[in-house]
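Report on one structure; see the data block that follows.
The values are calculated or read from the model by the stated rules, or taken from the named source; none is laboratory data. What you are looking at is a predicted structure, and each value in this text was computed from that prediction instead of being measured. A quick note on method: Cβ atoms are made from the backbone with ideal geometry, for glycine too, and the neighbour counts reach across all protein chains shown. Heavy atoms of the whole protein, side chains included, go into the accessibility calculation; ligands, DNA and RNA do not. Shrake-Rupley method; radii C 1.70, N 1.55, O 1.52, S 1.80 Å.
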Amino acid sequence: MIKHTNSLKKYLLILVTLFFLSEAKAQSSLNYAAFGIGVSISRNRPYADTKRVDDNMSYAVTGNYFFTPYVPIGLEFQFGTLSGGGRTRELDAYGRTYKNDYKALLLHMDVQLGEVINYQGNTFLNLVKNFYAGAGLGGIYNNMADIQRENLFIENGAIGEKHGFEGKDSGLNFMVPLRFGYEFKIYNGYDQPNIRLDIGYQHNLTFGEGLDGYNDPSTKFKNNALDQYRQITVGIKVNFAGERSYDKEIKGY
């Protein structure tokens, strides 16, 4: 009898332990780390005042705060190269060319679809919940590593003429990034998304004439659009601190 009683206590202890473990697991699936850091690499293309544009690379480091698991706020330091034009008639009719080794500091916020839909137990909605859109603001420091400041071709005026080639070799411009993309979440053993892979598109509107270094006179060049550049981005974020709770299971199934 004593032997059976001891066995019963043992089984009850195992059941109670499993119950509390499952409760802890369920509670953990509501939790997430609010702070993290990310790195990304982008293929960029400028849309400025030279007809021909180049594809180049940009790089970024971002400190992230997740207001919820689906609303990240990022402070991003970005750097890279923007360029276009050329010193031959085939590349540019005026021989204008520039190479901008830029740096930018941006604050942006994204909202993923999971924040506004009920995805619990639905495979399709759990897939689409990771699409996001966002925007932000910041500044870009333009630095012309190379730029043509004088006319090269006689058909455009006197050789060496500087009209139409004026501008600043460096300076700051205000900018607005517009973003959308998809985030792949990688969950740990407690169903918390501690690693996030991101594929996105970002379009950056800049205010001023600093992106290509040319301040085009309207008498010589048509200039009716903001300088801007786009980025196709791949990045990774790692969450590591500041545990918070959400009002539904993050993994969802």
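Flag: residue 213 matches the condition of being under 22 Å from residue 84 (Cα atoms), touching a residue at least 60 places away in the same chain (Cβ under 8 Å), open to solvent by less than 30 Å² (accessible area, probe 1.4 Å) and touching a strand residue (DSSP E or B) at 6+ places or on another chain (Cβ under 6 Å). Among the residues of segment 230-250, those identified as more than 23 Å from the chain's Cα centre (by Cα) and surrounded by 14 or more Cβ atoms within 10 Å (Cβ to Cβ) are 244, 246, 249.
Within segment 156-168, can one find any residue that is farther than 26 Å from residue 89 by Cβ, of a type in the set (Gly, Ala, Ser), surrounded by 15 or more Cβ atoms within 10 Å (Cβ to Cβ) and in contact (Cβ under 8 Å) with a residue 24 or more places away in the chain? Looking through segment 156-168, none of the residues is farther than 26 Å from residue 89 by Cβ, of a type in the set (Gly, Ala, Ser), surrounded by 15 or more Cβ atoms within 10 Å (Cβ to Cβ) and in contact (Cβ under 8 Å) with a residue 24 or more places away in the chain. Considering each of 84, 95, 63 in turn, give the residue that is open to solvent by less than 10 Å² (accessible area, probe 1.4 Å), at pLDDT 95 or above and not hydroxyl-bearing (Ser, Thr, Tyr). The unique qualifying residue is 84. Confirm whether residue 185 is of a type outside the set (Gly, Ala, Ser), over 13 Å from the mean Cα position of the chain (by Cα) and open to solvent by 60 Å² or more (accessible area, probe 1.4 Å). Considered against the rule, which asks whether it is of a type outside the set (Gly, Ala, Ser), over 13 Å from the mean Cα position of the chain (by Cα) and open to solvent by 60 Å² or more (accessible area, probe 1.4 Å), residue 185 comes out as no.
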